[in-house]
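Here is the structure we will look at, set down as structure tokens.
Each value in this text was obtained by applying a stated rule to the coordinates, not by laboratory testing. What you see is a predicted model, and the numbers here were worked out from it, not measured in a lab. Because the Cβ atoms are built from the backbone with ideal geometry, glycine has one as well, and the counts that use them run over all protein chains shown.
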Amino acid sequence: MISPTLAPGNARALRMFGGLCAGVLLLLAGVPPAAAQGRLDAQYEATLSGIPVGKGAWTIDIADDSFSASASGGTSGLLKAFAGGSGTGAAQGRVVNGALVSTNYSATTTTSKKSEAIRIVMSNGNVKEYAIEPEPPVDPDRLPITDAHRRGVYDPMTGSMLRVPGSGDPLSPEACRTGAAIFDGRMRYDLKLDFKRMETVKAEKGYQGPAVVCAVYFTPVAGYIPDRPVIKYLAAERNIEIAFVPIAGTRILVPFRMIIPTPFGTAMLEATQFITTASPPRVAKTQ
């Protein structure tokens with residue numbers, strides 16, 4: 001999502017890297033109602049083996065009854081001459097009993113070879129309709145998506161915003177001990193998180209403070225081709241991790257940094273700017 005193409009000769013694997021970053025989940029059930037409002041303006045840089053290869057931006061607005069999020073990015077530096085690409089993503093929805101419930105998700109990617117747009121309409125965690133334009137050709141080796149695979153899922157953008165229940169510090173090991181299902185318009189996969197450590201992070205501009213680092217485990221379910229090396233690699237990888245930090249005024253955590261080992265070196269997406277502000281909850285008018 002933030003950097004759809006990151007490395008020549010490994011475009012598909014690192015597009016998956018971007019998708020996983022967008023799809024790191026999870027909305028936890030049973031959260032008590034809470035009037036929380038906050039905004040995030042963030043910028044990210046993608047690197048491969050320490051070499052800058054992409055940049056992106058992410059904005060999130062959370063009100064007491066609705067939310068919206070949008071992201072854009074693309075390749076940069078020398079890589080742009082080899083494998084130029086750009087992409088955008090957006091999600092909107094409602095805030096219900098403190099949880100984010102998506103209603104719409106869209107994503108576009110553009111490279112020198114093709115452009116593609118994905119659109120998903122959701123209701124209460126179920127996919128009502130979705131489309132990919134242009135429609136991809138049918139591949140008999142791809143495991144089919146069924147109606148059951150489109151129920152009880154999150155879109156990748158909403159899934160990347162982790163809701164932590166309770167009233168204590170949201171930056172705790174418990175934030176990582178969960179998992180859920182993601183549908184990105186093409187694939188249905190599970191992401192499981194587990195606690196790794198607490199650490200301190202610092203953006204060049206904005207946030208500096210604690211982060212909770214979660215291990216991320218990827219399990220493909222449907223909509224993929226089993227023999228593809230990138231799928232096998234990501235499913236077997238045990239060193240993917242994400243550092244989460246909070247959006248001020250809310251109990252929502254979002255990725256500050258993501259790391260995926262690859263055969264070409266360590267791929268990393270990290271915030272260079274992370275400006276987050278809390279807004280006072282709206283007060284109902286009285287007569």
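Structure above, values below:
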read-out: Placed amide H near Gly152: partners under 5 Å, 5+ positions off or other chain; value: Asn126, Val127
read-out: Total formal charge among the other residues, if their Cβ is under 14 angstrom from that of Val212, Lys/Arg +1 and Asp/Glu -1; value: +1
read-out: Inter-site label distance for Ala236 and Lys114 at 7 Å from Cα along Cβ, in nm; value: 2.7
read-out: Under the Debye formula (equal points on every Cα, no solvent term), log10 I(q)/I(0) of segment 197-287 at q = 0.11, 0.12, 0.15, 0.19 Å⁻¹; value: -0.47, -0.54, -0.72, -0.94
read-out: Cα-derived Rg over Rh, computed across segment 130-287 with Rh taken as Kirkwood radius; value: 1.03
read-out: Integer Hz, Karplus 6.51/-1.76/1.60 couplings in order for segment 68-75, x for Gly and Pro; value: 8, 8, 8, 9, 8, x, x, 6
read-out: Contour excess over end-to-end distance, with Cα ends at Lys202 and Ala278 and 0.36 nm allotted per residue; value: 25.5 nm
read-out: Segments 104-112, 200-208, 248-256 sorted - mean Cβ within 10 Å per residue, highest first; value: 248-256, 104-112, 200-208
read-out: Segment 33-175 - Debye-derived log10 I(q)/I(0), Cα point model, q = 0.13, 0.14, 0.17, 0.18 Å⁻¹; value: -0.75, -0.86, -1.12, -1.18
read-out: Length-normalised contact order of segment 96-155 in % [C-alpha pairs under 8 Å, at least 6 apart]; value: 29
read-out: Distance from segment 93-133 to segment 179-208 (C-alpha centre basis), Å; value: 19
read-out: Segments 228-240, 146-158, 180-192, 263-275 sorted - mean Cβ within 10 Å per residue, highest first; value: 180-192, 146-158, 263-275, 228-240
read-out: Within-10-Å neighbourhood charge of Ile145 [Cβ basis; K, R +1; D, E -1]; value: +3
